[in-house]
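The values are calculated or read from the model by the stated rules, or taken from the named source; none is laboratory data. Small disclaimer: the values here were computed from a predicted structure and weren't measured. Here Cβ is always computed from backbone atoms with ideal geometry, including for glycine, and neighbour counts include all displayed protein chains. Only protein heavy atoms, including side chains, enter the accessible area calculation; ligands, DNA and RNA are left aside. Shrake-Rupley method; radii C 1.70, N 1.55, O 1.52, S 1.80 Å.
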Amino acid sequence: MTSTTFVTAFYSHCNLSQNHIQDFRRIAETGINICIYSDSDSDIVQFKEFPNIKIMAPFTSVVSKIFTNMNESILDSGDSECIYLNSKPELIENAIKINPWNSTHFAWIEFSIFSIFNNHSESQTYLKTLASRTLYSRFLAIPGWLKNKSEIYEFDEGFSSIRWRFLDKFFIGDKESLLEMATLTKQYFPMFLRTYKLLTWEVNFWNWLETFTGWNPIWYYATFDDSVIKIPSWLYSISLCDISIKQLHEYPSVIDETQYYETSASYIFFQGRHILNTRFVNYFLLEGGQYYMANKNGFIITKNMVSLLDAVKMIPISYNVFSNDTIGLEEPAYPENQGCNIYGLEDIRLYEYNNQLRFIATNRNYAPIYKNRMIVGDYNIENLSYDNCQLIESPYNSQYEKNWIPICYNGEECFIYSWCPMDIYRLNLETSSLIPVCRHMNTITAPDFYRVRGSSSFVELGDVLVGVVHFSEETVPRQYHHMLVSLEKHTYKPLRYSETFYFQHIGVEFCTGFCVKDDNYIFWVSKKDRNACKITVGIDKLPMCFEFDV
């Protein structure tokens, strides 16, 4: 894990109030390491009690010297606040040189940033977690409003107002990238002053620096709220490529009018046998994230293959395709000239209940028109059939239902329906519906859990249960990120979670199969909805670093 030091400043000319000092106390109380610069010891002396705060010695920035030494007659205006604003890169540079906590990354955080936040507890947890995440080795990320870079001609109008290409409250990067920012500031600030004869806001200068010098920080969208500190997920998602062993499975061809391709797989150990269900699909994803439909009617069709695994190598030793004709449910009638274009049982999760091998899957062609619903049933590997299938109603009449995770809660057949808060529902087979039975609230402040979805079933590991969850960034193509989560046995209360990670690439990848064997985690993963493989990682390589709230 890397560590991040946060840098801020409190200057008397910034007209900060006692409320702002209380806002900073909220930052200090997170325990993150902070270097603070100030021209007023009396205002910050109260923070000497915090072991995570270092009050830095004052110094005069190069920006301030440049402004002072320049012929002020060529400048329209200038004040102490703008000098301070443009000195931020140098304050971080100074903190990097001293580096009291030997950090690899540094972040600027505005002293009163909590005054713009809507959810204080969530943002406190986010900062605390961010401070100890393993971050991408080389980057500088700055939030902003305006997505497109400015054109050169746009600067002809000068800087009479603020250009919100970048926001001023927060930015983060590794030491080298931040030192480069400070070097560019000192190099180009005199040219900027001579050209525009105006001391302006730092975000205007950064905008100019990006346009004229080739400086290329990572831009991410934010507004003046909690989003300014929410950096892109890929900057803190660690790669498993160098710490894992990957093994492709050699599946037989599945052809029915068109070729089918193996994708995600679900695993279960049931009555002495290691069983793997692998989904096969008749489409594939192009590099840009588009779907290529091989079916002449443009239908997406899923077939499922069951395999028994070698108990030692955990690789398939048999391959048999289930028949979709055994589902036995009635398809809804679509309006004339309309119809369903997605068929089969998608993203099966296998589970055991009352000594019976069961499954839950997403389905479209048996659901109400234009909706997804979940189907449960018995998974009959002897007859290669889906038996006793039932379509389960959505508790909220949602258009799309996916990723319910099967569990046995208080001896009943239940599912983890959502993760923020974590809601557990009991299956009522008589009414084909879900009944709420338990809610855990301690996930609501955990970073990213507002968008977390279920991936794998949960398995025992010592005195806890462990499973995989995921969330995605709605980029093109979509980016999937994963975490391990540990739950308390019996209550299923969330306890801890791992760093965010990806298996093979930052893009479309899915994991519905998971188990613990010896001292390893085993994941069954697909990449771009293709190439199902087994990935093995040592348990010690993916520790549960972070705790949920009590």
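Remarks
- Scanning the range 241-281 for residues that are open to solvent by less than 40 Å² (accessible area, probe 1.4 Å) and farther than 27 Å from Tyr351 by Cα yields a total of 1.
- Of all the listed residues (Ser318, Ser394), the sole one being out of contact with any Lys or Arg (no Cβ under 7 Å at 6 or more places or on another chain) and either surrounded by fewer than 19 Cβ atoms within 10 Å (Cβ to Cβ) or under 20 Å from Thr278 (Cα atoms) (or both) is Ser318.
Listed here are the residues, each with its yes/no results for (1) under 23 Å from Arg133 (Cβ atoms); (2) aliphatic (A, V, I, L, M); (3) part of a strand (DSSP E or B); (4) modelled with pLDDT of 95 or more.
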residue	(1), (2), (3), (4)
Tyr425	no, no, yes, yes
Arg439	no, no, yes, yes
His470	yes, no, yes, yes
Val476	no, yes, no, no
Tyr480	yes, no, yes, yes
Met483	yes, yes, yes, yes
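- For Cys414, the requirement of being closer than 30 Å to Asp226 by Cβ and assigned to a strand (DSSP E or B) is not met.
- Meets criteria (open to solvent by 20 Å² or more (accessible area, probe 1.4 Å) and at pLDDT 95 or above) for Lys149: no
- Residues satisfying the stated conditions in the range 480-521, i.e. touching a residue at least 60 places away in the same chain (Cβ under 8 Å), among the hydrophobic types (A, V, I, L, M, F, W, C) and more than 18 Å from Ser239 (Cβ to Cβ): Phe514, Cys515
- Beta carbons closer than 6 Å, at least 6 apart along the sequence or on distinct chains, pair a first residue in the range 337-365 that is farther than 15 Å from Asn388 by Cβ with a second that is open to solvent by less than 20 Å² (accessible area, probe 1.4 Å) and acidic (Asp, Glu) for Thr362/Asp347.
- Residue in the range 242-254 that is in a helix (DSSP H, G or I), over 30 Å from Ala131 (Cβ atoms), of a type in the set (D, E, K, R) and modelled with pLDDT under 95 present: no
- Tallying residues that are open to solvent by 40 Å² or more (accessible area, probe 1.4 Å), at pLDDT 95 or above and outside any strand (DSSP E or B) within the range 485-505 yields 3.
- Unmet criterion (only one of (1) of a type outside the set (Ser, Thr, Tyr); (2) open to solvent by 40 Å² or more (accessible area, probe 1.4 Å); (3) in contact with a Leu (Cβ under 6 Å, 6 or more places away or on another chain)) for Gly462: (3)
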